[in-house]
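Enquirer: After the structure tokens below, expect a handful of questions from me.
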Amino acid sequence: VEQWATQICQFGVTAPGAAERTQGLRALAVRERWAWIADACEAYEREVDRLAAAKASFRAATLTALVGELLVRARAAAADVPELRPAWVLGSDAPADVAMEKVRLVALGCRLVADDDRRLASLYFVDPDTATVLVLAKAWSGERRNGPELGRLFASSRMSITELVQGELVTRAARRKANGALDLGASRSMQSTLLPAGGGWDRLPEPILVRDLRAHARRLAAGPPAVVAPRLIGHGVAVVAIARVARVAVSADGLELIAVVHDAADNPLTLCCDFEAVCPGAVDALAAALAATPRFVAGVLEARAAGWRMRPLAVVTTRLVVLDVAPPRAAAPPAPAAAGPHDAPGDPG
């Protein structure tokens, strides 16, 4: 890993031989069953492909972070630190593929992404028994449908995206990979049942369900850094219980919504949602949900210098609202509001 990183940094990610060096490192990681090294290499290769294809989705910061993560994992595994077992840091003790006999999966929403004529959907579920977020990822090439139309595409052999993220799924046909990727199988004999949505969020276990953001920050600080923790693609996804909505501001053109909500301990959380063509109803759906006494919001929870921040996946009011597959609303959004001094999010620590 050290040699690979040195060569990449010295000669560049697209220099002659760089792809072969990365493939060699990934092959070594696969042979040694270093699940997190192999997974990080695959993520690195995908980001390099975006760079080579001049994709708008390319992020230089992501590429840099992946190189740094590989170095940190290698050095942590080589260090004599009892709390950082090499097998745990490298992922060699993580089962590659596990059959889930009978499992109840609670839907937390989905995220749609457009990449030219390619569409990607990530469907988020939580297994309440293990407090693990699992992700069902699907991709379609030559596809230009968006929002609710895209939501009608089948994400499994029997159910569409919208059907799967609208409730709880009980299945005997699920399999999960080491990184939390979910496979519902293609068999017609898959035994799955959809149950009413959203009602079970208040019974989710910690740390998936967050009722006190400050206590959540202390819990995270007591654990290992994410850069050496298991590489789970659902990392950071959480459900936050909402006590009140402090502010909702929508831009004059209706293309951006920024809201501040508070948990029961009065800790603020900033919700941000930008208009994207692939999910044209998301901003309107979030504005309507925030006006309807929301109880919970799900999404990737991030600690920023200015406070906690989230791009919501779904909101529970009296029903479950999945933003990216929601249809655009004809009603006018709330009028733009200026932020007051008391609306600034607090320190997450």
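Enquirer: What pairs can you find where one residue is in the stretch 159-170 and among the polar types (S, T, N, Q), the other is crowded, with 19+ Cβ neighbours inside 10 Å and part of a helix (DSSP H, G or I), and their Cβ atoms are less than 6 Å apart, with a gap of 6+ or different chains?
Expert: Thr162/Gly151; Thr162/Val325
Enquirer: Right, next: Of all residues in the stretch 94-107, count the ones that are at pLDDT 90 or above and open to solvent by 20 Å² or more (accessible area, probe 1.4 Å).
Expert: 0
Enquirer: Which condition from (1) closer than 26 Å to Ala56 by Cα; (2) surrounded by 15 or more Cβ atoms within 10 Å (Cβ to Cβ); (3) modelled with pLDDT under 95; (4) not polar (S, T, N, Q) is the one that Trp201 breaks?
Expert: Single failed check for Trp201: (1).
Condition check ((1) surrounded by fewer than 18 Cβ atoms within 10 Å (Cβ to Cβ); (2) on the phi > 0 side of the Ramachandran plot) across all residues:
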position: Pro294; (1), (2): no, no
position: Val297; (1), (2): no, no
position: Val300; (1), (2): yes, no
position: Gly307; (1), (2): no, yes
position: Leu313; (1), (2): no, no
position: Thr317; (1), (2): yes, no
position: Val321; (1), (2): no, no
position: Val325; (1), (2): no, no
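Enquirer: When Leu209 is evaluated against the numbered criteria (1) open to solvent by less than 40 Å² (accessible area, probe 1.4 Å); (2) at pLDDT below 95, which criterion, by number, is the only one it fails?
Expert: All conditions pass for Leu209, except number (2).
Enquirer: Tally time: how many residues in the stretch 8-55 are open to solvent by 40 Å² or more (accessible area, probe 1.4 Å), of a type outside the set (Lys, Arg) and assigned to a loop (DSSP other than H, G, I, E, B)?
Expert: 5
Enquirer: What's the number of the only condition in (1) small (Gly, Ala, Ser); (2) within 24 Å of Ala65 (Cβ to Cβ); (3) in contact with a Leu (Cβ under 7 Å, 6 or more places away or on another chain) that Ala222 fails to meet?
Expert: Status for Ala222: all satisfied but (3).
Enquirer: Could you check how many residues of the stretch 66-89 are surrounded by 16 or more Cβ atoms within 10 Å (Cβ to Cβ), farther than 13 Å from Ala5 by Cβ and without any contact (Cβ under 8 Å) to a residue 60 or more places away in the chain?
Expert: Total meeting the criteria: 2.
Enquirer: Residues of the stretch 56-65 being over 16 Å from Thr22 (Cα atoms), of a type outside the set (A, V, I, L, M) and surrounded by fewer than 14 Cβ atoms within 10 Å (Cβ to Cβ), which ones?
Expert: Within the stretch 56-65, just Arg59 meets the criteria.
Enquirer: Hey, another quick one. Does any residue in the stretch 244-268 that is without any contact (Cβ under 8 Å) to a residue 12 or more places away in the chain come within less than 9 Å, Cβ to Cβ, of a residue that is open to solvent by 20 Å² or more (accessible area, probe 1.4 Å) six or more places away or on a different chain, and which pairs are these?
Expert: These pairs meet every condition: Asp253/Phe275.
Enquirer: Across the stretch 108-137, what is the total count of residues that are closer than 30 Å to Ala56 by Cβ and surrounded by 16 or more Cβ atoms within 10 Å (Cβ to Cβ)? Even if it seems obvious, please write down each step before you answer.
Expert: First, the residues of the stretch 108-137 that are closer than 30 Å to Ala56 by Cβ: 108-125, 133-137.
From what is left, the residues that are surrounded by 16 or more Cβ atoms within 10 Å (Cβ to Cβ) are 108-112, 114, 119-125, 133-136.
Number of matching residues: 17.
Enquirer: Please tell me if Arg175 is part of a strand (DSSP E or B), more than 17 Å from Val300 (Cβ to Cβ), open to solvent by 50 Å² or more (accessible area, probe 1.4 Å) and modelled with pLDDT under 95.
Expert: yes
Enquirer: Could you pull out every one of the strands (runs of 3 or more DSSP E) wholly within the stretch 192-283 that has 3 or more residues that are more than 24 Å from Val113 (Cα to Cα)? First the steps, then the outcome.
Expert: Numbers: elements: 192-195, 237-241, 244-250, 256-262, 268-274.
Result: 192-195, 244-250, 256-262.
Enquirer: Another question, if that's okay. List, please: which pairs have Cβ atoms under 7 Å, are six or more places apart or on different chains, and start with a residue in the stretch 22-37 that is under 19 Å from Arg85 (Cα atoms) and end with one that is among the charged types (D, E, K, R)?
Expert: Trp36/Arg73; Trp36/Arg231; Ile37/Arg73
Enquirer: With (1) within 21 Å of the chain's Cα centre (by Cα); (2) more than 24 Å from Lys177 (Cα to Cα) as the list, and Ala35 as the residue in question, which single condition is left unmet?
Expert: Going through the list (1) within 21 Å of the chain's Cα centre (by Cα); (2) more than 24 Å from Lys177 (Cα to Cα), Ala35 breaks only (2).
Enquirer: While we're on this one: Could you figure out which of (1) closer than 30 Å to Trp88 by Cα; (2) open to solvent by less than 40 Å² (accessible area, probe 1.4 Å); (3) of a type outside the set (Phe, Trp, Tyr); (4) modelled with pLDDT of 90 or more isn't true of Asp263?
Expert: For Asp263, the failing item is (1).
The values are calculated or read from the model by the stated rules, or taken from the named source; none is laboratory data. As the structure is a computational prediction, the values presented were derived from the model and not from experiment. When we count neighbours, we look across all protein chains shown, and the Cβ atoms used for this are built from the backbone with ideal geometry, even at glycine. These accessible areas exclude ligands, DNA and RNA; they are computed on the full protein's heavy atoms, side chains included. Shrake-Rupley method; radii C 1.70, N 1.55, O 1.52, S 1.80 Å.
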